[in-house]
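The values are calculated or read from the model by the stated rules, or taken from the named source; none is laboratory data. As the structure is a computational prediction, the values presented were derived from the model and not from experiment. Here the Cβ positions follow ideal geometry from the backbone for every residue, glycine too, while neighbour counts run over all protein chains shown. Calculation scope for accessible area: heavy atoms of the full protein, side chains included, ligands and nucleic acids excluded. Shrake-Rupley method; radii C 1.70, N 1.55, O 1.52, S 1.80 Å.
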Amino acid sequence: MNKKHDRDSSAKDSHYAKLRRAHRDNKRARGDLPPAPARQGKRGPAGPLPVADDEVLLYGLHTVRAAIENPERTLIALKITQNALARLTDGLELPADLPVEVVRPKEIDDILGEDAIHQGVMLKARTLPVRKLDALQDSPLLLVLDQVTDPHNVGAILRSAVAFAAGAVITTMRHSPAESGVLAKSASGALEYIPYIQITNLAKALDELHAMGFTTVGLDSEGPAVLEESLRGDKIALVLGAEGKGLRQKTRETVTTLARLDMPGEIKSLNVSNASAISLYAARQFLARR
């Protein structure tokens, strides 16, 4: 082979390698692939920012805008590119006391990692105030998660919960994602609009909800009746388990009733975020008729 052929082949290989990397990065951004493993050896110039236990790094335009507009969110500092600053401040006035540093995109990459889709903006803030169950007395619709671990799924569930005006998303302290940049980005701002309450004992929390007048409906593919026939009362808490495992036995024994989604097609189970959206819609329709 001649040198020209070698150069052409090398360029072609490089082109397809870039396409494969872009396809893989898009899948990671959607949550279809796990994050890339951390590289060993050479380190970037910036590295992670020190973050205290009560602090979080939020990123993405929708997420950061919602956080800035949330009066319950304490803001610490904003790192942002010039282009992102123009987009963020279109119709939004930044607080006068918020430190703002205009940076290059790579400076945010070095802090969050190259897999974070930050859109040129990163906000350091305090985590949201802790909420208690007794504050939900007047909420007619709640969503309870039994050890759903994937922050992308929980983020999507938060969006659905806000869309259907649920009063809170309740989950366990263990085997559930804490408030984080990944969770907030997946929720696309929804984390700022709904209480995300983490409790230590789910069975005890369900008993508290019963005492507050809630009917708790556990979603299970083997439930004795379809969801629409299982809803009753003026206050409903839907309880969903992790994909694969479903509801734990103690949870199944504690809920008021078990119900299934009616799926006449060949597939009889759904992603937990899809099941949450359908269940919230059915419950909201039921409550609207009362």
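Filtered by the rule that a residue be open to solvent by 20 Å² or more (accessible area, probe 1.4 Å), closer than 15 Å to TYR59 by Cβ and not in a loop (DSSP other than H, G, I, E, B), the stretch 112-128 gives LEU112, LYS124. Among the conditions (1) in contact (Cβ under 8 Å) with a residue 60 or more places away in the chain; (2) out of contact with any strand residue (DSSP E or B) (no Cβ under 8 Å at 6 or more places or on another chain); (3) open to solvent by 80 Å² or more (accessible area, probe 1.4 Å), the only one that MET212 does not satisfy is (3). Being hydroxyl-bearing (Ser, Thr, Tyr) and within 12 Å of LEU261 (Cα to Cα) holds for only one residue in SER180, SER176, SER230, and it is SER230. The residues of the stretch 165-192 that are open to solvent by 40 Å² or more (accessible area, probe 1.4 Å) and on the phi > 0 side of the Ramachandran plot, listed by number, are ALA165, HIS175, SER188. Checked against the criteria, GLN119 does not count as closer than 23 Å to ARG252 by Cβ and of a type in the set (S, T, N, Q). Residue pairs whose Cβ atoms lie under 9 Å apart, separated by 6 or more positions or on different chains, with the first residue in the stretch 165-186 and under 14 Å from VAL144 (Cβ atoms) and part of a loop (DSSP other than H, G, I, E, B) and the second of a type in the set (D, E, K, R) and at pLDDT below 95, are GLY167/ASP138; ALA168/ARG131. Looking across the stretch 135-164, the residues that are under 23 Å from ILE117 (Cβ atoms), open to solvent by 10 Å² or more (accessible area, probe 1.4 Å) and either part of a loop (DSSP other than H, G, I, E, B) or polar (S, T, N, Q) (or both) come down to THR149, ASP150, ASN153, SER160. Within the option set ARG65, ARG73, ARG131, being modelled with pLDDT of 95 or more, of a type in the set (Lys, Arg) and open to solvent by 40 Å² or more (accessible area, probe 1.4 Å) holds for one residue only, ARG65.
The number of residues in the stretch 246-276 that are of a type in the set (A, V, I, L, M, F, W, C) and loosely packed, with under 15 Cβ neighbours inside 10 Å comes to 2.
Screening GLU243 against (1) over 29 Å from PRO129 (Cβ atoms); (2) open to solvent by less than 20 Å² (accessible area, probe 1.4 Å) leaves a single unmet condition, (2).
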